[in-house]
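Engineer: I'd like to ask some things about the structure below.
What follows is calculated from the coordinates using simple rules that are stated; it is not laboratory data. All of these numbers come straight from a predicted model, not from anything done at the bench. Neighbour counts are summed over all protein chains in view; Cβ atoms, including those assigned to glycine, are modelled from backbone coordinates with ideal geometry.
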């Protein structure tokens, strides 16, 4: 009676574990929420780019033609509709990376480590590295696809108002700048990696939710600081008597020019005499800024920087996981 | 087919219980030559005992020539137990002896104790707990000699039969 | 193929840089095909040991070999059920099993998994979050058995089960061991729960391996003795001794002939385990087949024979 035999022979038939569909299944609520948000924002942006921008432009045209000595009628509702919904959609696209970071920290990694289902997966034929790779890749794909379409739609909605609607945002308005271009996608991906890292570090859902958002705030703040310096800026100068109007583009720096051509910050002064003395040194003024032509270079360099950060964060995720699991 | 019933609190080693119950079934004619014993898998699935315990019991039965293992087929009964005629004669003698004991004033428990004592003395029953004490177990990696613990065997059985199962 | 399912050499695990050692200097060997009881009080290090073997934790020091390779490499051939039986609450029972099939291509035995689940009269469409503790255990065991592991590690597997389910699932485990030769290591702090099903013992106490070996061998290496109070226990290793009036009772490891006037008996598994747990200072013992390491477990040391 030799019942105690060797191992099962099935070991030889090796296949790849089918993990992807289960990541999709397990995070179906998040995926549905993303799909819903995408559909709503996309719908609004399409409306903004078309009829709503046209109506608002028409409203402004009437308004500008008004002679204010007589009663004047213009479509204020259309003007406000474009303005409000433009702001809401821009806001949504800017908040998205923070939501992604919080979700990734809480649901994607933190909760699975907290409840032990991560360990379940690792003892069910999925290596920890593969477990993490699929968990990063699937949402990354969904986010890249979704945000790419949304920033394109947003850019259309913005361009539809440009030059036609007086209250349309400038290209360098912080919210508009990100929502209009690929930095939105890059920020969302950075949020994904930052959140996943937070979850792996804390191994608990709720604290990881907070840390993910904190990480994202750090990334966002640093990006804002670095952004103007990621492409060589243009400097304009003006003689002392001339007015140099700021706001021709994304400002980097401005101040006084000395007679030798050196740059000085604008002095603070509170009385005419003091100001006269302070400005006595000025031979002129300078303004360093990015014109609209720098829009794409700035978008691309910022996105590249964010993607590099994303890569480093993802690498950190794998290293942390490796240290925690044998 | 025989079904084993394991009593955890009997103080009798599990494999001994299987051996005894198999023999019981052979005596009562529930198992006959050619019959297949349940596989280890079947036994352990029903009883939740360790498979090696079942195999140990079957090896013991095989050693006694009661069953034989046929590779890949199972374990089969080779011969039955207990000749009816010898049984009847012995039983008659035992009945006579028991009557005499009763007449001598022994009560039920006295008779049982006496019988068990003689049984233990005349039959080298397998240790109720474990195989040969002292063997295989080492600390320094060498096999320890069994001799020095051998003499404790008897004491131990006596202790057990006095109703002191460990 | 190796005849050793688990081998630990000077294994140690500490949580955090300055934390407590959950396990220290553990050395033992678990031969393949055994059903091993990992026994010890709560917090003794049982769960840590099983998690290390499952490749879920890196050891702080020493080495652990699983099925002849590293724990991480062995992971596809090892089944593990954690103490709290983690499962995805949002999946149904049927989905959970389908996930098992998808994650273990080439190994998954759907029939085995479904049989384990079917025993509990579970609705396959029931969500895991609605299941009772015992039903969750059943699903977790189905996942672990379905992948046809060569080594099955179970951390307190029976804690949530009623006696009937306990008996039935233990039967299922034993049947798997009988049919496939699966090595099983299961922990419990209730010795009686494992006594009939296990043939190998790993007693963990305070982060160390106190006893390792075949249960029968370990029992036969010890004697419970009753003697006169002034009896000389001489060269024997005394695990535990107690004097009541004129009588001395002790659990010893004989190192020579025992005095003829002592009453001796082979201790039960429970007596053996309890005696060692009550006497943390008593030296450990690993039988020849279960000994692996340098140092930690020794049969006879004189120091505690007092």
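Engineer: Averaging the inverse of every distinct alpha carbon separation and then flipping it gives the Kirkwood radius. What is it for segment C:215-286, in angstrom units?
Structural biologist: Values: mean 1/r = 0.0814 Å⁻¹.
Every distinct Cα pair counted, the radius reaches 12.3 Å.
Engineer: Need one value for C:223-234: mean number of C-beta atoms belonging to other chains within 10 Å of its residues' C-beta atoms.
Structural biologist: That works out to 1 on average.
Engineer: If you don't mind, there's one more thing I want to ask. In degrees, nearest 10, range 0 to 90: what is the angle between the Cα axis of helix A:183-202 and the longest Cα principal axis of chain A?
Structural biologist: In chain A, helix A:183-202 runs at an angle near 50 degrees to the longest axis.
Engineer: Please pull out the direction-averaged projected area of segment A:77-183, using the convex hull of its alpha-carbon atoms, in nm² to one decimal place.
Structural biologist: Its Cα hull, projected and averaged over all orientations, spans 8.2 nm².
Engineer: Within 10 Å of each Cβ of C:265-273, how many other protein chain Cβ atoms are there on average?
Structural biologist: Mean partner-chain Cβ count within 10 Å for C:265-273: 4.
Engineer: Next question, about the same structure. Checking the a/c ratio against 1.5 first, then a/b against b/c, what shape does the Cα gyration tensor give for segment B:5-60? If you can, show how the numbers build up before the last one.
Structural biologist: Details: a/c = 1.86, a/b = 1.30, b/c = 1.43.
It comes out oblate by the Cα gyration axes.
Engineer: For chain A, modelled as a Gaussian network with Cα springs under 10 Å, which listed residue fluctuates most, A:288, A:144, A:222?
Structural biologist: A:222
Engineer: Report Rg (one decimal) and Dmax (nearest whole number) for segment C:4-214, counting Cα atoms only, units Å.
Structural biologist: Answer for segment C:4-214, Rg first and Dmax second: 16.5, 48 Å.
Engineer: Limiting things to C-alpha atoms, what are the Rg and the maximum Cα-Cα separation (Dmax) for segment C:28-143, in angstroms?
Structural biologist: Gyration radius and largest Cα-Cα distance of segment C:28-143: 15.8, 45 Å.
Engineer: Percent antiparallel among DSSP beta bridges with both residues in the protein assembly as shown, to the nearest 5?
Structural biologist: 75
Engineer: What's the exposure ranking of C:190, A:234, going from fewest to most Cβ atoms within 10 Å?
Structural biologist: C:190, A:234
Engineer: To continue, here is another question. Which residue fluctuates most in the GNM of chain C (Cα springs below 10 Å): C:113, C:94, C:53?
Structural biologist: Evaluated over chain C, the most mobile residue of the options is C:94.
Engineer: Considering only DSSP beta bridges with both partners in segment C:123-217, what is the antiparallel share in %, to the nearest 5?
Structural biologist: If I count the DSSP bridges inside segment C:123-217, around 60 percent turn out antiparallel.
Engineer: Also: Quick one: angle between helix C:163-180 and the longest Cα principal axis of chain C, in degrees between 0 and 90, rounded to 10, please.
Structural biologist: Between the helix axis and the principal axis of chain C, the angle is about 90 degrees.
Engineer: Taking 0.36 nm per residue of sequence separation and subtracting the Cα-Cα distance, how much length would be gained by fully extending the chain between residue A:87 and residue A:55, in nm to one decimal?
Structural biologist: Difference between extended and current length: 9.8 nm.
Engineer: While we're here: Among A:99, C:6, rank each residue by its count of other Cβ atoms within 10 Å, from fewest to most, as a rough exposure measure.
Structural biologist: Fewest-to-most Cβ neighbours within 10 Å comes out as A:99, C:6.
Engineer: Expressed in nm², what is the orientationally averaged projection area of the convex hull enclosing the Cα positions of the protein assembly as shown?
Structural biologist: The directionally averaged projection comes out at 53.7 nm².
Engineer: With just the Cα atoms defining each centre, how far is segment C:153-213 from segment A:250-326? Give it in Å.
Structural biologist: 66
Engineer: Please find the FRET efficiency linking residue B:122 to residue C:230, where r is the Cβ-Cβ separation and R0 is fixed at 51 Å, and quote it to the nearest 0.05.
Structural biologist: The pair residue B:122/residue C:230 has a calculated efficiency of 0.90.
Engineer: Now for a separate question. Grab the alpha carbons of segment A:262-326, take their convex hull, and tell me the volume per residue in Å³.
Structural biologist: Given the Cα convex hull of segment A:262-326, per-residue volume reads 174 Å³.
Engineer: Could you please rank C:224, C:98, placing first whichever residue has the fewest other Cβ atoms within 10 Å of its Cβ?
Structural biologist: C:98, C:224
Engineer: Cα axis of helix C:133-146 to longest principal axis of chain C: angle in degrees, 0 to 90, nearest 10?
Structural biologist: Tilt relative to chain C: about 80 degrees.
Engineer: Using only atoms on other chains, find how many Cβ atoms lie within 10 Å of each Cβ of peptide C:100-113 and report the average. Before the final figure, lay out the partial values.
Structural biologist: Numbers: counts 3, 2, 11, 12, 7, 8, 10, 8, 4, 2, 0, 0, 0, 0.
Going residue by residue through C:100-113 and averaging, the value is 5.
Engineer: How do the peptides A:186-195, C:8-17, A:28-37 rank, highest first, by the average count of neighbouring beta carbon atoms within 10 Å per residue?
Structural biologist: The packing order, highest mean first, is A:186-195, C:8-17, A:28-37.
Engineer: Run the simple label-point estimate for residue B:109 and residue A:239 please: 7 Å along Cα→C-beta, distance reported in nm.
Structural biologist: So the label points at residue B:109 and residue A:239 sit 13.1 nm apart.
Engineer: Hey, another quick one. Can you pull a Stokes-Einstein diffusion coefficient for segment A:234-294 at 10 °C (1.306 mPa s), Rh from Kirkwood over Cα pairs, as a whole number of µm²/s?
Structural biologist: It comes out at roughly 130 µm²/s.
Engineer: Name the residue, out of A:210, A:309, A:40, whose mean-square fluctuation peaks in a Gaussian network model built on chain A with Cα pairs under 10 Å.
Structural biologist: Highest fluctuation among the options: A:40.
Engineer: Please work out the Cα center distance from segment C:28-88 to segment B:32-94, rounded to the nearest Å.
Structural biologist: Cα centres, segment C:28-88 to segment B:32-94: 37 Å.
Engineer: Also, I was wondering about something else. Grab the DSSP H runs of the protein assembly as shown that are 4 residues or longer, score each as -39,500 (n - 2.57), total them, divide by all residues and round the 222 nm result to the nearest 500 deg cm²/dmol.
Structural biologist: -14500 deg cm²/dmol
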